[in-house]
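Let me begin by presenting the structure, written as structure tokens, before commenting on it.
Coordinate-derived values only; no laboratory data. Everything numeric here is computed off the predicted structure, so don't read it as measured data. Here the Cβ positions follow ideal geometry from the backbone for every residue, glycine too, while neighbour counts run over all protein chains shown.
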Amino acid sequence: MPNGANVVKLGIVGCGRVSVNHHLPALKKLPGVEVIALADTDKGCLNWAGDRFHINKRYTDYRFLLDSPSLDAVAVCVPPKSHVEIALGALAAGKHLFIEKPLALNLEECDRLIERARNAKTKAMVGFNLRHHRLVRQARQIIQQGTLGDIESIHTSLTSALRLRLKVPEWRNQRSSGGGALFEVAVHHFDLWRYLSGCEAEEVFAMSRADNWDDETVTLTARMTNGVPIASNFSERTSESNELEIYGRKGRLRLSLYDFYGFEFYPATITPGGIRPRIVKAYKMLKDFPEAFSVMLNGGDFLMTYHSEWQYFIDSIQNDTKIECTLEEGRRALQIALAAIESSSLGKPVRVDHSSP
Ligand SMILES: NC(=O)c1ccc[n+]([C@@H]2O[C@H](COP(=O)([O-])OP(=O)(O)OC[C@H]3O[C@@H](n4cnc5c(N)ncnc54)[C@H](O)[C@@H]3O)[C@@H](O)[C@H]2O)c1
């Protein structure tokens with residue numbers, strides 16, 4: 001680290017929703033990192049975040065933040081259209097890079113960034129926070145152990161009431177600026193498709209509603225390279241859900257990522273409504289209640305994903321360990337989003353580009 005100190009000094013570019021609601025509160029609780037600088041083109045957002053989190057170095061031009069020799073790492077938390085420009089600047093300045101999803105808006109931009117990162121000595125990680133969810137980690141482990149048997153199919157949904165509750169920034173309305181459910185929401189689950197199944201998406205077929213803005217609500221089906229079919233649903237105009245169901249030959253796993261008790265395994269040999277499974281479930285709820293209460297006091301499993309992803313990133317900088325969620329992984333999720341966009345325009349299934357950078 002440029003500082004030679006143990007505490008990672010971080011600068012954040014972009015002081016909007018994700019920084020103020022998720023990253024800054026998570027970072028405040030972590031001992032190994034200190035946020036010392038912020039940048040945002042909007043002075044109001046900059047000062048609001050700076051005052052709330054007591055951060056004095058503030059810049060309306062991110063390039064001045066990158067010039068700061070005391071910074072070890074930079075988080076790029078601006079709308080997707082500007083991700084790559086700022087990330088390239090951070091790498092050129094010798095900083096470790098944390099970059100929000102979607103990595104970029106096209107593969108050419110991804111490739112430029114990946115090539116630059118390959119030649120850098122610093123770490124680079126994409127902010128797919130759901131990979132750090134306690135239940136996702138457990139699910140991955142039991143899938144890898146073979147508890148579910150061969151996977152038959154996967155169903156997922158990631159929906160919210162965001163558009164019903166709030167006025168969203170204009171960039172979220174157009175694909176061209178990274179908006180709409182495919183770029184903004186679905187990439188999280190595209191990443192989980194890969195992370196949980198252990199293989200790539202081969203083909204997607206997307207149906208997208210777009211009466212008032214791009215990709216208001218999207219339903220899509222896909223086939224993975226191991227033949228597993230997937231069906232997913234994404235929207236910001238209904239109630240909240242963040243769910244995955246993995247159907248295996250030995251049983252079904254149901255994950256509800258906003259629920260402490262959202263990990264349910266139904267062995268293929270057992271009828272879920274039977275008396276024994278109900279008693280086992282009730283017993284487990286009582287037994288796990290102290291842990292559930294403690295997780296709740298920390299904001300719940302979902303909010304804790306931001307804490308865990310930062311802990312992971314900081315650890316990898318301090319101990320020089322390998323990053324799991326690399327820029328290449330961000331590119332893979334984007335490849336699925338781009339195929340889905342093409343499919344919804346053509347009205348037919350589209351093969352996912354498997355080119356490498
Ligand atoms: N991982 C997650 O859970 C999650 C959640 C929400 C958003 N995101 C991602 O985070 C990124 C930001 O999303 P958001 O919801 O915070 O957006 P936002 O619109 O609320 O905030 C973005 C901020 O960046 C600032 N900005 C724009 N261009 C800039 C530039 N060139 N230099 C400096 N500041 C600039 C804007 O003024 C604004 O304050 C997006 O890529 C989004 O997809 C991730």
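A few points about this structure:
- Ordered by the count of other Cβ atoms within 10 Å of each Cβ, fewest first, Ile143, Ile270 give Ile270, Ile143.
- Anchor Lys281: aspartates and glutamates whose Cα lies under 12 Å away (excluding residues fewer than 8 positions away in-chain): Glu264
- Net length gained if the chain between Thr219 and Arg165 were fully extended (0.36 nm per residue, minus Cα distance): 17.2 nm
- Under 12 Å, Cβ to Cβ, from Thr217 - net charge with Lys/Arg +1 and Asp/Glu -1: -2
- Residues Met304, Met224 arranged by fewest to most Cβ contacts within 10 Å: Met304, Met224
- Convex hull volume per residue in cubic angstrom - Cα atoms of the stretch 178-256: 91
- Distant alpha-carbon pairs in the chain (separation over 31 angstrom), percent: 36
- For the chain, the relative contact order comes to 19 percent (Cα pairs under 8 Å, sequence separation of at least 6).
- Tilt relative to the chain, helix 187-197 - C-alpha long axis, 0 to 90 degrees, to 10: 50
- Approximate shape of the stretch 8-130 as ellipsoid semi-axes (Cα gyration tensor, √5λ), whole Å, largest first: 22, 15, 14
- Mean residue ellipticity (222 nm) of the chain, computed from DSSP H runs ≥ 4 via -39,500 (n - 2.57), nearest 500: -11000 deg cm²/dmol
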